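Contents: one structure, followed by commentary.
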Ligand SMILES: Nc1nc2c(ncn2[C@@H]2O[C@H](COP(=O)(O)OP(=O)(O)OP(=O)(O)O)[C@@H](O)[C@H]2O)c(=O)[nH]1
């Protein structure tokens, strides 16, 4: 899907931890094969909309301010094209990312394997544990065509210490939860870096250690 909320600036990598009255700004990249629903998850989250949309060309860019109660943060969401022909360009976009939502389609085993490759690419750019990674099995509304079980997704996520959820952009199931869980985890890590008291019990389940095993495994 094309950008409709402002284009990304070249080299404009945001840095977290803005001025006290400013929300934190985090760069979040959407990764995964073509047609797994990356743009649809972003569109559902940012605009609460769903369409049969055209494939992403290059990268699209969204922003969203997330209100977490006492604190808010801003996501700069970089939606990368999953088609192979864009692969060589798009890996540049996840440099400097604070978080990645790694998407596969539960009805396509190949997209699950491809997600594992994307993770390797990501780890090449930044050491494991530095980026908050949420693995998402999308299209749960197509359960009768499922090729990847919930358990397979969960086990892979646990083995790589990722957060994990299944979702449906179409039915708006677990979409807000995907992004808000990432937001809480980013905030928790940022506060720990700043030596501030942790709000580990606030809101959704958070993992206990910096890159600890995903506790948040939800359909
Ligand atoms: N049934 C169902 N279809 C979905 C869901 N999410 C996305 N789709 C459909 O899957 C197709 C691909 O969705 P996109 O959001 O364009 O996928 P993408 O990963 O951004 O694709 P690329 O831009 O090619 O990388 C579209 O026809 C969507 O309408 C979902 O949760 N359920």
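The values are calculated or read from the model by the stated rules, or taken from the named source; none is laboratory data. Quantities reported herein were computed from a predicted structural model and do not represent experimental measurements. Neighbour counts run over all protein chains shown; Cβ positions are idealised from the backbone, glycine included.
Results, tabulated for the structure shown:
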| quantity | calculated |
| --- | --- |
| Candidates 52, 39, filtered to the one that is within 10 Å of the ligand (Cβ to nearest atom), touching a strand residue (DSSP E or B) at 6+ places or on another chain (Cβ under 7 Å) and either at pLDDT 65 or above or part of a loop (DSSP other than H, G, I, E, B) (or both) | 39 |
| Pairs with Cβ under 8 Å, 6+ apart, first in the stretch 138-161 and within 11 Å of the ligand (Cβ to nearest atom), second part of a helix (DSSP H, G or I) | 138/40; 138/41 |
| Positions within the stretch 23-36 being away from the ligand (no atom under 14 Å from the Cβ) and under 13 Å from residue 59 (Cα atoms), in sequence order | 28 |
| Qualifying residue in the stretch 104-115 (condition: part of a strand (DSSP E or B), surrounded by fewer than 24 Cβ atoms within 10 Å (Cβ to Cβ) and at pLDDT 95 or above) | no |
